[in-house]
1. By how many nm would the segment from residue 153 to residue 251 lengthen if fully extended, with 0.36 nm per residue of separation less the alpha-carbon distance?
2. Arrange 71, 143, 190, 6 by Cβ neighbour counts within 10 Å, fewest through most, would you?
3. Just to compare against my own numbers: the Cα pair-distance distribution for the chain, 10 Å bins, whole % per bin, please.
4. Counting only helical runs of four or more DSSP H residues, what would the 222 nm mean residue ellipticity of the chain come to if each run contributes -39,500 (n - 2.57) and the total is spread over all its residues?
5. Can you classify the stretch 135-264 as rounded, prolate or oblate using the Cα gyration tensor, where a ≥ b ≥ c are the square roots of its eigenvalues, rounded means a/c under 1.5, and otherwise it's prolate if a/b beats b/c and oblate if not?
6. Need one number: the % of Cα-Cα pairs in the stretch 184-259 sitting beyond the 18 Å mark.
7. Label points 7 Å out from Cα along the Cβ direction at residue 30 and residue 175: separation in nm?
8. Among 195, 111, 161, which one moves the most in a GNM of the chain with springs linking Cα atoms closer than 10 Å?
Ligand code: ATP
Ligand code: MG
């Protein structure tokens, strides 16, 4: 089985990169063969993984510009079952041009299907806007994880995201589904969270993951260390939460019941 999951929301700082890196690492620690692709030109996944520019052999941008094959730009990480593709440094202008090239919208999808068969999961970290690489990634994906933090702006972004998913599904990719909405930096006693959660449950309740990710310093500190949280402190609540998310996804893919209890 090979499943492609994009992590996306058109809003900055909601935990997309933290989720993409730590979910990919958790799936790899659970002995799945995983490829993490950074589709955000800001390149933060590489920082989180402690990978310097010189260690990479190329980037997603070069692949989509036809100067490298996707198999040539895969970098090994500190976790044996986890490989990585860096984003490169396209400007927004370059990125926009790539996404406008006729036929290119499906190019990435075709490459993932035909050239990367050995992976169980391919996780794509998207930029905080809908155009360009986010759309290319969604066309290539089986599902999307939508990370959410508390607040009205996040709720507005969530609604835009869901409409965009519906559009990509009807125009390009009929198999695209919502893997789940993930509450990040979650604080169960916060009033902002109570209101945000209520709003999501009313409109999109069935899409909420059982697991939520609590606010946890290990997720910020491990970013500074250039290590996924599970390598830095596997027993910290942030690491356990991402492991629980990985289990929830794997159990769903195996046709088993979703875990009854989320973290926190
Ligand atoms: P951008 O849209 O700019 O790419 P993003 O959605 O990828 O942002 P992240 O970079 O993952 O967001 O997270 C933003 C900040 O919040 C980071 O400093 C990260 O360490 C911190 N953070 C993310 N999740 C948590 C959490 N559960 N607990 C504490 N801090 C967190
Ligand atoms: Mg990010």
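Every number in this text was worked out from the coordinates using simple rules, so none of it is lab data. No experiment lies behind these values; they were computed from the predicted model shown. Because the Cβ atoms are built from the backbone with ideal geometry, glycine has one as well, and the counts that use them run over all protein chains shown.
1. Using 0.36 nm per residue and subtracting the Cα-Cα distance, I get 32.1 nm.
2. Details: 71 10, 143 18, 190 14, 6 30.
Least to most surrounded, the residues fall as 71, 190, 143, 6.
3. Histogram of Cα-Cα distances, whole percents per bin: 7, 33, 39, 19, 3, 0.
4. Details: 11 runs with 117 residues, N = 264.
Value at 222 nm, helices only: -13500 deg cm²/dmol.
5. Taking the square roots of the gyration eigenvalues as a ≥ b ≥ c, the stretch 135-264 is prolate.
6. Within the stretch 184-259, distances greater than 18 Å cover 51 percent of Cα pairs.
7. 2.0 nm
8. Most flexible of the set in this elastic network: 195.
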